[in-house]
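No value in this document is a laboratory result; all are computed from the given coordinates. Since we're looking at a predicted model, the values are computed, not measured. Heads up, the Cβs are rebuilt from the backbone with ideal geometry, glycines too, and the neighbour counts pull from every protein chain shown.
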């Protein structure tokens, strides 16, 4: 019986790319930052799409998950090996993403280094654009950053009452690098007139 030894280096890809081309990543060591959901005694889902096993064949990260207090809705960094047969990522490293109080960023600051802010709570200043012009519950800030204001159990429609394109706005939410979208948790008008 041959024991599988994963490569020591890991590849960074998106979950969408992995699931679209799973055979390309079979038995590759991968790195992801994502939102934990459906956690149970041995697995969870990352971004509600990728099955992640943390307890298998001599590996058990249960104590680490408990020590870091990783729960549904938290963001985590995971490293592990993807197996095509079960479309599952078997991880051997996990770390909870630490949230700091966000400082207010401009769109340019956020988009200059989007991987740094992936899975992080950020506050972003910009001017509303494309309000009522995009398909679905979206608008943009500074015509560049899509903002989603209705998703899962979040509905911020009422916070947009009276808002018009061109209005200055500060949006607090979770930034996702995969779809380059800010998932709003709070929207407030800003008297800030930065250019």
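Structural remarks
- Across all directions, the average projected area of the convex hull around the alpha carbons of region 11-96 is 4.9 nm².
- Here the sum of -39500 (n - 2.57) over DSSP H runs of 4 or more residues, divided by the residues of the chain, equals -2000 deg cm²/dmol at 222 nm, to the nearest 500.
- When only alpha carbons are used to place a centre, region 127-183 and region 26-61 end up 30 Å from one another.
- Going by neighbour counts of Cβ atoms within 10 Å, the residues 18, 51 line up, fewest first, as 51, 18.
- Label-to-label distance, residue 172 versus residue 152, with points set 7 angstrom from Cα along the beta-carbon direction: 1.6 nm.
- Gain on full stretching of the segment that runs from residue 63 to residue 20 - 0.36 nm per residue minus C-alpha separation: 12.2 nm
- Residue-span extension gain [residue 142 to residue 130] - 0.36 nm each, minus C-alpha spacing: 3.4 nm
- Taking the fewest neighbouring Cβ atoms within 10 Å as the starting point, the ordered list for 109, 48, 85 is 85, 48, 109.
- Under a Gaussian network description of the chain, with springs only between Cα atoms under 10 Å, the residue in 31, 57, 90 that fluctuates furthest is 57.
- Listed by Cβ neighbour count within 10 Å, with the fewest neighbours leading, 83, 175 appear as 83, 175.
- Answer label for Rg and Dmax of the Cα atoms in Å (calculated), chosen among (i) 17.9, 57; (ii) 18.9, 67; (iii) 21.6, 86: (ii)
- In this simple spin-label model, placing a label point 7 Å from the Cα along the Cα-to-Cβ direction at both residue 27 and residue 106 gives a separation of 5.0 nm.
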